[in-house]
Every structure is written in structure tokens, then in C-alpha cells.
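Novice: Mind looking over this structure? Questions follow.
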Amino acid sequence: MTVLAGVLATAVGRGPAGTALVVAAVGAGQLSVGWSNDWIDAARDRAAGRVDKPLAVGELPPRSVAVAAGCALVLCVPLSLASGWLAGAAHLVGVAAGLAYNVRLKRTVLSWVPYALAFGLLPAFVVLGLPGGPRPAAWVLGAGALLGAGAHFANVLPDLDEDRAAGVLGLPQRLGRVVSGVVAAVLLTAATVVLAVGPPGPPGPAAWAALAATVPLALAAVVAPRSRLPFVAAILAAAVDVALLVGTALG
């Protein structure tokens, strides 16, 4: 998502310095959320046999990861606010949502909310940092929220059984693998639909091409829900959506 944010920043005219600030802020936020999640879930990952997690296999000391997450969060604050108070606040709310997910919300029916909020506010952070602080169109924020919620459902699918056994009962775990796979596919497709029909006028060739690319990607959540393919497909769908967005007036 850090790379996609940088692409979007470049496309909307943030310039080299502004784009560098976006990449640095989003990167720091992603690191703080990711590292804190690994630290909080170390015991659960160890019990689930997650050999892809350094903390779970004892390759890193927990204290080092906790300190690194804290440092990334501290850096994220000034890096975000360097784009302006309103833009910075939008990004920091998204980061706070990610941290809230790690600490508590992943175990509740509101598990999708932090993803929707963080993804929805990302284009706001990028656009609000432009001179004059122009407001992004509501349909852009809505598409981001749909994409984020879809990414949440796709990300949870392969570990759904382990999550249930560990007592992590977010909304996808409560709905089950089949229903969650369908929900992920619908949300990811809906995000592209909103981006296609949101701008004034009928959808152009780029919009139809984006839809044609997104639908098979979204279906990965239905046909291969036990693999990492759905989340990879969600990232690719996000790339398609950013490509469509950068070619569209953000209003």
C-alpha cells in the first residue's frame, strides 16, 4: 500500500517532495501497525505454527519488535503532519484504526471497520496535502472503504480456522469461509464499480478494462479461500483501482 500511495501522490501532483512525504508517512504507519500486530499475536502465531513470522519462531526478541513498532509510530506523526494538519489527521486516524484492530477490534464484529477507515482515508491524506487542501470526492473515499473491507475479508480467509481456535472472532470468522469469500469478492468488485461510475459521464474504456481485470481477481476469494491467493488478489485489485483512479479527476 505504501507504493500505491506513492503512485497516487505522484499522479495527483504532490511533486517529488510531497510524494516522498506520503511514502515515508504511509511506510512508517504500515510498519507500526504490522510490527505491533506481530508482537501482540506472537503467542497465537507460535501456536498456529506460523513459520513465516520471525517472532513466532524465535528469530527476533519481542522487546526489539515492540520498540521498533513504537519508533515507527513516533516517526509517523511528524511525517504525516508535514502534509498539513487536516491531511495528517486523516492519515493518523487511519493508523490509529489499524492499531485498534490489533489491540481489540479484530476479535469483534467490527473487525472490518479499521480496514474500511484506513483505506478510505488514504486518498484523503494524499489529496488534502495538495496546495489549498482540496477535498477528494465522496465516491473516491467510498471506493477506498469498500476496497479496505474487501481486503480484510480476503486476508482472513486462509487463517480462518486457526483464528477461531484461538478465539479471534471477527466478522469473517463468524460468517464462515464460504460466506466471507463471497463477501470479499463482492466488496472488491464494488470498489471498482464505484470508481468506474463515480466520475461524471458514462464509464470509459479504462473503467471497463478495470472491471474486467478486477472480477477474476475478486473471484480468487471464492475459488481458493484456503490459500494466500485472495489477499494477493486483493492487492492486485487495489493496484488496478489506483491505476483507474490516477486517470480520473478526483473532484
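Novice: Any idea how far the Cα center of the range 43-118 sits from the one of the range 1-29, in Å?
Specialist: A separation of 19 Å, based on Cα centres.
Novice: Something else now. Dipole magnitude of the chain about its Cα centre, charges +1 at Lys/Arg Cβ and -1 at Asp/Glu Cβ only, in debye to the nearest 20? List each step's numbers first, then the result.
Specialist: On the way: 15 positive and 10 negative charges, 60 e Å.
My answer is approximately 280 debye.
Novice: Across the range 21-113, what fraction of all alpha-carbon pairs, as a whole percent, falls in each successive 5 Å bin from zero upward?
Specialist: 2, 15, 21, 20, 18, 13, 7, 3, 1
Novice: Simple spin-label model, 7 Å along Cα-to-Cβ: Trp208 to Arg104 in nm?
Specialist: Between Trp208 and Arg104, the simple spin-label model gives 4.9 nm.
Novice: Right, something else. Of the listed values (i) 52, 33, 33; (ii) 58, 38, 31; (iii) 52, 41, 26, grab the one calculated as Cα extents along the principal axes in Å from the structure here.
Specialist: (iii)
Novice: Just the number, please: carbon plus sulfur as a percent of the accessible area of the range 125-228, 1.4 Å probe, no ligands or DNA/RNA counted.
Specialist: Details: 3140 of 4330 Å².
Looking at the range 125-228 in its full context, I get 72 percent from C and S.
Novice: Here's another thing I want to ask about it. Which value at 222 nm does the chain reach when only helices count, each DSSP H run of 4 or more adding -39,500 (n - 2.57), with the total divided by all residues and rounded to the nearest 500 deg cm²/dmol? Before the final figure, lay out the partial values.
Specialist: Working: 13 runs with 186 residues, N = 251.
That comes out to -24000 deg cm²/dmol.
Novice: A further question on this structure: Once you have all Cα-Cα distances for the range 171-232, histogram them in 5 Å bins from zero and send the whole-percent values.
Specialist: P(r) over the range 171-232, rounded to whole percents: 4, 20, 24, 20, 13, 10, 7, 3, 0.
Novice: Right, here's the next one. Counting only the heavy atoms of the protein chains, how much of Leu169 is accessible to a 1.4 Å probe, in Å² to the nearest 10?
Specialist: Answer for Leu169: close to 70 Å² accessible.
Novice: Moving on to the next point. Compute the accessible area per residue over the range 50-122, keeping the other protein chains in place, probe 1.4 Å, unit Å².
Specialist: Numbers: 3680 Å² over 73 residues.
About 50 Å² of surface per residue is accessible.
Novice: Sticking with this one: Using 7 Å Cα-to-Cβ label points, what is the Asp52/Arg164 separation (nm, one decimal)?
Specialist: Going from the Asp52 label point to the Arg164 one covers 2.1 nm.
Novice: Can you tell me how the range 77-214 classifies by the Cα gyration tensor, rounded, prolate or oblate, using a/c under 1.5 as the rounded cut?
Specialist: Verdict is oblate for the range 77-214.
Novice: Excluding ligands, DNA and RNA, what is the solvent-accessible area per residue of the range 192-251 at a probe of 1.4 Å, expressed in Å²? Please list the in-between numbers first.
Specialist: Numbers: 2950 Å² over 60 residues.
So the range 192-251 comes to 49 Å² accessible per residue, rounded to a whole number.
Novice: At 1.4 Å probe size, put Lys106, Lys53 in order of accessible surface, largest to smallest. It would help to have the intermediate numbers written out before the result.
Specialist: Numbers: Lys106 10, Lys53 40 Å².
Ranked list, largest accessible area first: Lys53, Lys106.
Novice: To continue, here is another question. R0 = 35 Å: FRET efficiency of Arg174 with Cys71, Cβ-based, nearest 0.05? The partial results should precede the final answer.
Specialist: Details: r = 35 Å, r/R0 = 1.01.
Calculated transfer efficiency: 0.50.
The values are calculated or read from the model by the stated rules, or taken from the named source; none is laboratory data. Everything numeric here is computed off the predicted structure, so don't read it as measured data. A quick note on method: Cβ atoms are made from the backbone with ideal geometry, for glycine too, and the neighbour counts reach across all protein chains shown. Calculation scope for accessible area: heavy atoms of the full protein, side chains included, ligands and nucleic acids excluded. Shrake-Rupley method; radii C 1.70, N 1.55, O 1.52, S 1.80 Å.
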